[in-house]
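Let me begin by presenting the structure, written as structure tokens, before commenting on it.
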């Protein structure tokens, strides 16, 4: 499971570098993520990271009575991926 998440993350980073969305879109997405109650902030020696739930493995949350899996992605990269979607449908 974790290996699959790592593979998906690598593919997303590749898309975000090779064919990123417009900067306005990525900034709007990131702003939404920062305000999301499900985002997590991680301070490391390399800086501050914002993730969607627990890094890499994600989290399961309840939204409108349904279980929703948060992705665990680092958001400053995911928001640039043209194929990415928000797991809680905020963008």
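Quick notes on this one:
- Distribution of pairwise C-alpha distances over the chain, 5 Å bins, in %: 3, 14, 24, 26, 22, 9, 2, 0
- Residue 44 versus residue 13: modelled label distance in nm, points set 7 Å from Cα along the beta carbon direction: 0.9 nm
- Note on residue 67 and residue 35: their simple-model spin labels are 3.1 nm apart, each label 7 Å out from Cα toward Cβ.
- Over the chain, DSSP H runs of length four or greater, each weighted -39,500 (n - 2.57), average out per residue to a 222 nm ellipticity of -11500 deg cm²/dmol.
- Using all pairs of distinct alpha-carbon atoms, the Kirkwood hydrodynamic radius of segment 43-91 works out to 11.6 angstrom.
- Candidates 31, 47, 58, ranked by Gaussian network fluctuation over the chain, Cα under 10 Å, top entry: 47
Here, each number is a calculation from the coordinates, and none is a lab measurement. In this text, all values refer to a predicted model and were calculated from it rather than measured experimentally. Glycine gets a Cβ as well: all are built from the backbone with ideal geometry, and neighbour counts include every protein chain shown.
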